[in-house]
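Have a look at the structure below, then the notes.
The values are calculated or read from the model by the stated rules, or taken from the named source; none is laboratory data. Quantities reported herein were computed from a predicted structural model and do not represent experimental measurements. Backbone-built Cβ (ideal geometry, glycine too); neighbour counts: all protein chains shown. What goes into the accessible areas is simple: the full protein's heavy atoms, side chains included, and nothing from ligands, DNA or RNA. Shrake-Rupley method; radii C 1.70, N 1.55, O 1.52, S 1.80 Å.
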Amino acid sequence: MKKEELDIILKSTNDAVIVINAIEKITLFNTAAERITGFQEKEVIGKPIKEVIISTRLPYVLNSGEAELNQRQLLGNTTIITSRMPVKDEEGRVIAAVAIFRDISEVMDLTHQIYKLKEMQSLLEGIFHSTQDAISVCNEKGIGVLINPAYTRVTGFTEEDIIGKPVTADIAEGESMHLQVLRTKQPVKNARLKVGSQKKDVLVHAAPIIVDGELKGSVGVLHDLSEIKKLTDELITAKQIIRKLEAKYLFEDIIAEDEGMLAALQKAKQAAVTPATILLRGESGTGKELFAHAIHNLSQRRYNQFVRVNCPAISENLFESEVFGYVEGAFTGARKGGKRGLFEEAHGGTIFLDEVTEIPISIQAKLLRVLQEKEILRVGSTKPISIDVRIIAATNIALEEAVKEGKFREDLYYRLNVIPIEIPPLRKRKRDLYSLVLHLINKYNQEYGRKVEGISQEALRSLENYDWPGNIRELQNYIGRTFINMKYSEKIIEEEHLPKFIHKDVSFLISEKENIDNTAKGEDKSLKEMVAKAEKAYIKEVLKKYRGNRTLAAQELQISLRNLYYKIEKYEID
């Protein structure tokens, strides 16, 4: 009965057992040993152990009489942990040896997984604690379970204040986003809340934690709005400083093949190396500011400030204090300690007075003092401040006419007009048009992520037939709109891509105007009737252009298809 019980125990145990006798033959081979080794008991009983398991050490234990405990060993492709012990009789003689072992491959895999999980946990904890974003985590019951140091920095709450407490513990004003997420199982973005005793404004993003389809909690990220506002203000200030102090363009950036433009560039380069005041003359959009940048960058002052003053943008009431500065108490609301003006900001560098004719006549006398005496007087002060500034002025109107009309001081005109440089308009430098278009194509390729390679001759001729009253600025905007009209696969700008305001049928518009004028002379017409007549004629012409295709005609007219049908019916257009 005891032998049967022993056999049952040996067969049911998860540990493999192999026993050999004094002549190294197998006398016991249980079920677990069959599973691990792949041999059957009936196949191996009575066989020498080394014929079955080549790497066995049972014969060594049998001969030495010494046990080997908890040894790790490879058995084929299986890793086992084994203990080998001698079996002795009453007189102490070794009569057998037994090996007890188990497969630890799964345990090793599990150990490796646990190691990887711990490694990942350490990594996530490192990220969690080092990130500047304030993070809080709650469980599915709305109880706080985790916060990071950034959360404490933003809200002032420690782990003792949050962990184990309801998620509403940190809220001063507003609804808990954690509770909303737990209720809806949907993420929440850009929620405004006030947290902490100081009611700090924060922006909250929260999302559910779902494991195997089951809601386990919520994670929230807080952003300090006061810090964001501070950074935004600093960025705006930095941009303003860069705008004031940086001259971005060189003469190499100015495209010129036309003789008139080349002559203007040559004169500007010669003037740049002198300290003389320069007056840039030219229509709006011709590139006067580019010239000012390039002159500064070629001058000896290129390592100092370049300050641009947009004269029309400064109101007359503020002009003097902005340009010349003011002292503390000069007027109501004056900054404590006063403020430096733009001329002081430009000390040692260049100041660019854009649209100089817009300077109020009352301020022009003070500007004349700057040119003559090289000093400025702050608003509210009687103490002059010496400055070293090179002045570049620009105007898009004839200064001589402004002087005659009394809008500009004659003495200031002569002081500014030391080296006048006339920048020709685009209509007088059509030779540069192709190079300018290629430059703008490269510019918009980078901005729009396109690969446009050039422009067709037909499209270029259409551009050359236009006078460009807005000059380079108008051309730049026009090419930008052309890109929008092109498909991503199209590489060449064709005439069909050009916005329609240039190449509408000019002869048609002229003839219609003449018809309207003739009609007006023959009979009295109201404005409404005249507009309706012109609209009808234009719609007919566009429909004719697209051979009656109403969809294309509506796109050309920039109205809805339904509206086009209404107008066709209204004007009884066939």
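Given their separation in residues at 0.36 nm each and the Cα-Cα distance between them, A169 and S12 gain 50.9 nm when the chain is fully extended. Going by a ≥ b ≥ c, the root eigenvalues of the Cα gyration tensor, does segment 335-490 fall in the rounded group (a/c under 1.5), the prolate group (a/b larger than b/c) or the oblate group? Prolate, since a/c reaches 1.5 and a/b exceeds b/c. Rounded to the nearest 10 degrees, what's the angle between the helix 527-545 long axis and the longest principal axis of the chain, both from Cα atoms, 0 to 90? Relative to the chain, helix 527-545 is tipped by roughly 50 degrees. Note on K366: lysines with a C-alpha under 23 Å away, same-chain residues under 8 apart excluded, are K244, K339, K374, K383, K404, K407. Listed cross-link partners K533/K570; K200/K229; K42/K88 are compared with a 18 Å cut-off, the Cα-Cα value being larger for K42/K88. Rounded to the nearest 20 debye, the dipole size of segment 89-205 about its Cα centre is 960 debye, using +1 on the Cβ of Lys and Arg and -1 on the Cβ of Asp and Glu.
Measuring r between the beta carbons of Y538 and S362 and using R0 = 45 Å, the FRET efficiency lands at 0.35. Taking the three principal axes of the alpha carbon atoms in segment 1-130, the coordinate ranges are 68, 30, 28 Å, sorted in descending order. Every helix of 4 or more DSSP H residues in the chain counts as -39500 (n - 2.57), and over all residues that averages to -13500 deg cm²/dmol at 222 nm. Averaging Cα coordinates gives a centre for segment 29-56 and one for segment 437-491; these two points are 85 Å apart. Share of carbon and sulfur in the accessible area of the chain stands at 51%, probe radius 1.4 Å.
At a Cα cut-off below 16 Å, give the lysines reachable from K50, other chains included and same-chain residues fewer than 8 away excluded. Excluding near neighbours in sequence, the set is K25.
Spin-label model, E4 to V94: label points 7 Å out along the Cα-to-beta-carbon direction sit 3.6 nm apart. Taking every C-alpha pair closer than 8 Å and separated by at least 6 residues, the mean separation divided by the residue count of the chain gives a relative contact order of 7 percent. Taking a straight line from the alpha carbon of K487, these lysines sit under 18 Å away, with near neighbours fewer than eight places off in the same chain left out: K443, K451, K500.
Across segment 132-209, the relative contact order, built from alpha-carbon pairs under 8 Å that are at least six residues apart, equals 23 percent. Taking a ≥ b ≥ c as the square roots of the eigenvalues of the Cα gyration tensor, segment 1-43 is classed as oblate, since a/c reaches at least 1.5 and a/b does not exceed b/c. With a Förster radius of 41 Å applied to the beta-carbon distance between L110 and E227, the computed FRET efficiency rounds to 0.35.
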